[in-house]
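Down below is the structure, laid out as structure tokens.
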Amino acid sequence: QLVYPYDFRLTEKEKTSICYLSFPDSYSGGLGDTQFSFRLRQSGGQRTTHYEDDGEYNREAPLTLQRESAHYFGYVYFRQVKDSSMKRGYFQKSLVLVSRLPYVNLFQSLLQLIAPEYFDKLEPCLEAVCNEIDQWPPPVPGQTLNLPVMGVVIQVRIPSRVDKPGSSPVKQFNQENLLPAPLVLPSIHELDLFRCFQPVLIHVQMLWELMLLGEPVVVMAPSPTVSSEMVLALTSCLAPLRYCCDYRPYFTIHDSEFKEYTTRTQAPPNIVVGVTNPFFIKTLQHWPHVLRVGELRMSGDLPKQVKVKKLAKLKTLDTKPGIYTSYKTFLHKDKTLIKRLLKGIQRKRPSEVQSALLRRHLLELTQSFIIPLEHYIASLMPLQRAITPWKNPPQIRPFRQEDFMKTLEHAGPQLTCVLKGDWLGLYRRFFKSPNFDGWYRQRHKEMTQKLEALHLEAICEANIVAWMKDKSEVEIVDLVLKLREKLVRARCQHLPVKEETLQRVGLYIETIIGSLPEDLQTVLHHH
């Protein structure tokens, strides 16, 4: 019915998809308000965004919170109430916030404030809210922001890449005597993992492996809320490693990718997809891992844990909750984690404490797995003394899987992790996954930039006048052009170089040009 601000361009295909994704697609008898999220592939090519700071934000934000370039997130507030004046006997409407940022807590909290007002006062309410949001500062990683909206100030900290993993968000914010007291969100994006994973706590290990390996997983849930929370919980459990595959917190049969995912002529894609329509039990039967969950209810004791079952059992429409897969985990179960969580349930520990336990466990697991890879890839960097000013910097040595495997005997995950199992088999499978590819590319890019930076430093330290003594004009002009190109690249790519280094290289270029005959100087200054 309405897009606000008006000048926000969506293609017809995107509008249709957003409409379908904004409503529960299976019968939900529940009246009242529900919230959930979806993620949508952008259609119609790259649009220029008005975020000039994209590069800067993405460089400083954690990899898991970068702004998406080819997808939108949709955050939905859906209301269904009895209304005899409506043809269907119900009033049904959704307010959706569309963003490229995965700030699920911030945006869902924002909708809790806006949506009830909007259903009451309609468009003027949105106009007022958008005017306030226009005044918000941009999200700068590491900063705490106060965001005024509708008489409330939401206070959040934007995480930064330099935060220590697993450190809890800063609790005591500067209150700056804000009146009324601000609504403080402890995290901009972290879900209540314990609540989301309740029915599968004893299988956390298996789910972590499936995510690490980028396996195709279907989450079948009774509602979009449960489906989207479970999918987001799953994709977040590799942090600080980035989950590089596609994921759809909520997916309907009207989706343009429906055919692509349900076809049996090719293997299912590397994706986690959340669905609620029972129709999917039939169409996604050939997928290797199906997680079926019921309504999430917080109760005083350990919720009923689902069982691992054979995929063949998935035939019927009244499929029982369970993990339908023939997957055998590489690592053994962590009994101590389950015991600690059980003890927490008996002692009535708050959910956020239990979530912190779970998150710490997953973080330690991921770190034990990734640290040997980080050590090995660091060893592929050329030695600093091999970097000389007048030669191109040496290449980063290639990543050889077998060489890496040899390092595991003395420096493998067993040093930091008590879990026994087939770690080597897990690495071998990981090498075939999009997550390895994504991790390796990111590291390789960072190392290449570091080499460029070290090379610039080396040039700075060099004696340029001595070098020029026995060089021809052609060689000197060639050097000027190369140095200029290096300087431009360093600025464009924001290489990790000190500003003074860049300025010194700039002065070098001027000095060299100054030593050349005048006609060449003119040409180079215009160049």
- Note on the structure: Taking Cα pairs closer than 8 Å and at least 6 residues apart, the relative contact order of the range 79-228 in percent is 17
- Note on the structure: Dividing the helical contributions, -39500 (n - 2.57) per DSSP H run of n ≥ 4, by the residues of the chain yields a 222 nm value, nearest 500 deg cm²/dmol, of -13000 deg cm²/dmol
- Query: Helix 123-134 sits at what angle to the longest principal axis of the chain, using alpha carbons and giving 0 to 90 degrees rounded to 10?
  - Reply: 30
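Does the range 256-399 classify as rounded, prolate or oblate by the C-alpha gyration tensor (a ≥ b ≥ c root eigenvalues; a/c under 1.5 gives rounded; else a/b over b/c gives prolate, otherwise oblate)?
Values: a/c = 3.05, a/b = 1.46, b/c = 2.09.
The shape class here is oblate.
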- Task: Would you kindly find the accessible area of ILE133, with a 1.4 Å probe and non-protein molecules such as ligands, DNA and RNA excluded, rounding to the nearest 10 Å²?
- Result: 60
- Query: Which distance in Å, rounded to a whole number, links the C-alpha centroids of the range 233-260 and the range 306-349?
  - Reply: 21
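Under the classification rounded if a/c is under 1.5, otherwise prolate if a/b is larger than b/c and oblate if not, where does the range 72-225 fall, given a ≥ b ≥ c as square roots of the Cα gyration tensor eigenvalues? All intermediate terms of the calculation are to be shown ahead of the outcome.
Numbers: a/c = 2.20, a/b = 1.09, b/c = 2.03.
It comes out oblate by the Cα gyration axes.
Pull out a ≥ b ≥ c, the square roots of the eigenvalues of the alpha-carbon gyration tensor of the range 220-334, then state rounded if a/c is under 1.5, prolate if not and a/b is larger than b/c, and oblate in the remaining case. All intermediate terms of the calculation are to be shown ahead of the outcome.
Working: a/c = 1.31, a/b = 1.19, b/c = 1.10.
Rounded, since a/c falls under 1.5.
Once the convex hull of the C-alpha atoms of the range 192-445 is built, how many Å³ does it hold per residue, rounded to a whole number? Don't skip to the end; give the middle numbers.
Working: hull volume 39.3 nm³, N = 254.
Dividing the Cα hull volume of the range 192-445 by its residue count gives 155 Å³.
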- Using a 1.4 Å probe on the protein chains only, how many percent of the accessible area of the chain belongs to carbon and sulfur? 55
- Query: Structure shown: which of LYS282/LYS432; LYS259/LYS310; LYS304/LYS406 lie over 31 Å apart, alpha-carbon to alpha-carbon?
  - Reply: LYS304/LYS406
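Say R0 is 41 Å: what FRET efficiency, to the nearest 0.05, do SER69 and GLN384 get from their beta-carbon distance?
Numbers: r = 34 Å, r/R0 = 0.84.
Once the sixth-power term is evaluated, E becomes 0.75.
So if I take the alpha carbon set of the range 475-527, get Rg, then get Rh from the Kirkwood formula, what is the Rg over Rh ratio? Could the numbers behind the result be given before it?
Working: Rg = 11.7 Å, Rh = 11.6 Å.
We get a ratio of 1.01 for the range 475-527.
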- Message: If I take R0 = 22 Å and measure r between the Cβ atoms of CYS19 and ARG100 in this structure, what FRET efficiency does the formula 1/(1 + (r/R0)^6) give, to the nearest 0.05?
- Response: 0.65
- Largest first, how would SER228, SER84, SER94 line up by accessible area (1.4 Å probe)? SER84, SER94, SER228
- Can you work out the base-10 log of I(q)/I(0) for the range 221-278 at q = 0.14, 0.16, 0.22 1/Å, using the Debye formula on its C-alpha atoms alone? -0.41, -0.53, -0.91
- Message: Could you check the spin-label model distance between GLU518 and LEU31? Points 7 Å from the Cα along Cα→Cβ, value in nm.
- Response: 9.2
- Query: About its Cα centre, what dipole magnitude does the chain give when the only charges are +1 on Lys and Arg Cβ and -1 on Asp and Glu Cβ, stated in debye to the nearest 20?
  - Reply: 2940
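How charged is the neighbourhood of GLU215? Take every other residue with its Cβ under 10 Å from the Cβ of GLU215, and add Lys/Arg as +1 and Asp/Glu as -1.
Neighbour charge sum, excluding GLU215 itself: 0.
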- The answer for the range 258-393, accessible area per residue at 1.4 Å probe in Å², is 58
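Multiply the residue separation of ILE338 and ARG397 by 0.36 nm, subtract the distance between their alpha-carbon atoms, and state the gained length in nm to one decimal.
Full extension from ILE338 to ARG397 adds 17.0 nm.
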- Item | Cβ-based net charge around ILE323, under 10 Å, with every Lys or Arg adding one and every Asp or Glu removing one | +3
- Task: State the percent of C-alpha pairs, over all pairs in the chain, separated by a distance greater than 44 angstrom.
- Result: 27
- Where both residues lie in the chain, what percent of DSSP beta bridges are antiparallel, nearest 5? 65
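Efficiency by 1/(1 + (r/R0)^6): what FRET value for LYS310 and GLN92, r their Cβ-Cβ distance, R0 = 25 Å, to the nearest 0.05? Walk me through the numbers before you get to the answer.
Values: r = 39 Å, r/R0 = 1.56.
So the FRET efficiency works out to roughly 0.05.
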- Looking at the chain, which longest stretch skips every one of the GluC sites (Glu not before Pro) that is in a DSSP loop with at most 16 other Cβ atoms within 10 Å, leaving the sites themselves out? 296-527
- Counting pairs of alpha carbon atoms under 8 Å apart in space and at least six apart in sequence, what relative contact order in percent does the chain give? 12
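Accessible area per residue for the range 463-526 in Å², computed with a 1.4 Å probe and the full protein assembly in place, what is it?
Values: 4070 Å² over 64 residues.
With the other protein chains kept in place, the range 463-526 gives 64 Å² per residue.
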- Query: Under a no-solvent Debye model with one identical scatterer per Cα of the range 326-383, what's log10 I(q)/I(0) at q = 0.14, 0.20, 0.26, 0.31 Å⁻¹?
  - Reply: -0.58, -0.84, -1.05, -1.18
- Task: Would you kindly find the accessible area of ASP33, with a 1.4 Å probe and non-protein molecules such as ligands, DNA and RNA excluded, rounding to the nearest 10 Å²?
- Result: 70
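Let me check I've understood the local charge: for LEU191, count other residues with C-beta under 12 angstrom from its C-beta, Lys and Arg +1, Asp and Glu -1. What total comes out? Don't skip to the end; give the middle numbers.
On the way: positive: ARG195, ARG359; negative: GLU190, ASP192, GLU229, GLU352.
Combined, the nearby Lys, Arg, Asp and Glu give -2.
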- Task: Run the numbers on the range 213-326 and let me know its relative contact order in percent, using alpha-carbon pairs under 8 Å that are six or more apart.
- Result: 32
- Using Cα positions and a limit of under 17 Å, work out the lysines in reach of LYS15, with same-chain residues fewer than 8 apart set aside. LYS93
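Taking a 18 Å limit on the Cα-Cα distance, which of the listed pairs LYS445/LYS486; LYS13/LYS121; LYS391/LYS471; LYS307/LYS328; LYS307/LYS335 fall beyond it?
Numbers: LYS445/LYS486 16 Å; LYS13/LYS121 29 Å; LYS391/LYS471 15 Å; LYS307/LYS328 14 Å; LYS307/LYS335 16 Å.
Over 18 Å Cα-Cα: LYS13/LYS121.
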- For the range 192-445, size of Cβ-based charge dipole, Lys and Arg +1, Asp and Glu -1, in debye: 580
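The values are calculated or read from the model by the stated rules, or taken from the named source; none is laboratory data. From a predicted model like this one, the values you see are computed outputs, not experimental measurements. Cβ atoms come from the backbone with ideal geometry, glycine included; neighbour counts cover every protein chain shown. Please note that ligands, DNA and RNA were not included when accessible areas were found on the heavy atoms of the full protein model with its side chains. Shrake-Rupley method; radii C 1.70, N 1.55, O 1.52, S 1.80 Å.
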